[in-house]
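Rule-based calculations on the coordinates, nothing more; no lab input. Here the structure is a predicted model, which means the values were calculated and not measured. Here Cβ is always computed from backbone atoms with ideal geometry, including for glycine, and neighbour counts include all displayed protein chains.
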Amino acid sequence: MSNELTNSPLQAMRKLLKEDSRYKYEAYQFIREALQFAHEHLPELTQATVSGDSLSKGRPKHITGQQLCEACRRYAIDQYGYLGSMVLGSWGIKSTSDFGEIVYNLIRIEQMRKSESDRREDFDDVYTFDGAFEPEFALPKVVDDLEC
């Protein structure tokens, strides 16, 4: 009997969605996109920092569960603004623990990798969704003594 999970990425994803109906396909796509967003826009999370290792300089590194949660938060703000929590919720994502469940589902079907130090629990309670997706908003400096 062939392993149905490894026949193709699409077949593996279809099977996963049937086996675990907690999350919609969009939730899995969001995690992949947030990881890509981290590598492209969040160098403080993804630049290799091993001192003296010229091979790792500037090369994307593995990010931790907590770092991926932060990337997910920033990506949701970037894409959905104040609606981030509502959009994620519509896909079944209600907490950072859900990010971990999705990541480990993707690891199980070999569409993501983990390091030896990674644990599913790394995603638990990283932050609460209440207020986490509110973009930092600063009013522009108003000219003193505005005349009406």
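Close lysine pairs were tallied over the stretch 13-123: pairs 8 or more places apart or on different chains with Cα atoms under 24 Å apart number 10.
With the simple model of a label 7 Å out from the Cα in the direction of the Cβ, R14 to H41 spans 3.3 nm. How big is the Kirkwood radius of the stretch 13-123, worked out from every pair of different alpha carbons and given in Å to one decimal? That comes to 14.7 Å for the stretch 13-123. In a fully extended conformation the segment linking K114 and V87 would gain 7.0 nm over its present Cα-Cα distance, using 0.36 nm per residue.
Annotation note: GluC sites (Glu not before Pro) in the stretch 88-125 located in DSSP loop regions with a Cβ neighbour count of at most 14 within 10 Å are E110, E116. Across the stretch 13-123, Cα pairs under 8 Å and at least six residues apart give a relative contact order of 31 percent. Each label was represented as a point 7 Å from its Cα along the Cα-to-Cβ direction; for R22 and I107 these points are 1.4 nm apart.
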